[in-house]
């Protein structure tokens, strides 16, 4: 039965999630999937539905970032294939084994990364290191594999893992990190969704939620990319740290209380 108020609520969730994700490079999947699980959906159905909507929102977000000059080609090429492989493996794993058992460990790691980012911004004299240094191809490959896997398992995790890892490396401008991560996320999300379709079937998806999240996210994507370009680097990095801390304290409290 179609419920207009519920549908509009999901549109708002999609807008807010994409606005945060497009601006800070993280939050869409974690925010949306956590809400869907809290209202009673199984984690695999929540993750599958969120990632289906993300196919379209990440494409719009990635294109918007690309047009605004927020994308670094080398990062996209290095992360795309490992991210897809990790995402497919994570989707297969989640369809077979509940992903809740490893979420608190991931949340603890991400919380520590958020605290480290804020430490660099608030207490160090040079919080944002010099950019345009080289990346280790091995490290980028491992980052793509881990971030893609956890994105599928946790319903979100590509941005929260990949974005702060690259920010802390200090090799790129924060806006280029956010834009590149958003663009690569399209390919990762597409691969995950196709895997979920094969593993659990389209009948298990909540298509009303998919459409609502898609509408909200499509509206927010261009605005978020523009804001990412205009925010000062120190402000952008600080917001990323705060977002990581807030999201993962909430996750940890759910397992403690």
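Looking at the range 198-217, is at least one residue farther than 30 Å from residue 95 by Cα and at pLDDT 85 or above? Steps first, please.
Restricting attention to the range 198-217, the residues satisfying the condition of being farther than 30 Å from residue 95 by Cα are none.
Checking the range 198-217: not a single residue is farther than 30 Å from residue 95 by Cα and at pLDDT 85 or above.
Residues of the range 219-257 that are within 22 Å of residue 109 (Cα to Cα) and not in a helix (DSSP H, G or I): 257 alone. Taken as a whole, the structure places residue 83 among residues that are closer than 22 Å to residue 191 by Cα, touching a helix residue (DSSP H, G or I) at 6+ places or on another chain (Cβ under 6 Å) and modelled with pLDDT of 90 or more.
Could you tell me whether residue 76 is in contact (Cβ under 8 Å) with a residue 60 or more places away in the chain and buried (at least 24 other Cβ atoms within 10 Å of the Cβ)?
Working: in contact (Cβ under 8 Å) with a residue 60 or more places away in the chain: yes; buried (at least 24 other Cβ atoms within 10 Å of the Cβ): no.
Considered against the rule, which asks whether it is in contact (Cβ under 8 Å) with a residue 60 or more places away in the chain and buried (at least 24 other Cβ atoms within 10 Å of the Cβ), residue 76 comes out as no.
Based on this model, can you work out whether residue 93 counts as surrounded by fewer than 20 Cβ atoms within 10 Å (Cβ to Cβ) and out of contact with any helix residue (DSSP H, G or I) (no Cβ under 8 Å at 6 or more places or on another chain)? Write out each step before concluding.
On the way: surrounded by fewer than 20 Cβ atoms within 10 Å (Cβ to Cβ): yes; out of contact with any helix residue (DSSP H, G or I) (no Cβ under 8 Å at 6 or more places or on another chain): no.
Taking the combined requirement at face value, the residue does not satisfy it.
Only a single criterion out of (1) at pLDDT below 85; (2) more than 19 Å from residue 89 (Cβ to Cβ) is not satisfied by residue 174, namely (1).
Out of 219, 210, report the one residue that is touching a residue at least 24 places away in the same chain (Cβ under 8 Å), surrounded by fewer than 18 Cβ atoms within 10 Å (Cβ to Cβ) and touching a helix residue (DSSP H, G or I) at 6+ places or on another chain (Cβ under 7 Å). Spell out the reasoning first.
On the way: 210 fails: surrounded by fewer than 18 Cβ atoms within 10 Å (Cβ to Cβ).
Being touching a residue at least 24 places away in the same chain (Cβ under 8 Å), surrounded by fewer than 18 Cβ atoms within 10 Å (Cβ to Cβ) and touching a helix residue (DSSP H, G or I) at 6+ places or on another chain (Cβ under 7 Å) holds for just one of 219, 210, which is 219.
Check whether at least one residue in the range 55-78 is assigned to a helix (DSSP H, G or I), closer than 15 Å to residue 205 by Cα, modelled with pLDDT of 90 or more and in contact with a helix residue (DSSP H, G or I) (Cβ under 8 Å, 6 or more places away or on another chain), and report yes or no. Checking the range 55-78: at least one residue is assigned to a helix (DSSP H, G or I), closer than 15 Å to residue 205 by Cα, modelled with pLDDT of 90 or more and in contact with a helix residue (DSSP H, G or I) (Cβ under 8 Å, 6 or more places away or on another chain).
Against the test of being at pLDDT below 90, part of a helix (DSSP H, G or I), under 26 Å from residue 42 (Cβ atoms) and within 18 Å of the chain's Cα centre (by Cα), the options 108, 191 yield a single qualifying residue, 108.
The values are calculated or read from the model by the stated rules, or taken from the named source; none is laboratory data. Since we're looking at a predicted model, the values are computed, not measured. Heads up, the Cβs are rebuilt from the backbone with ideal geometry, glycines too, and the neighbour counts pull from every protein chain shown.
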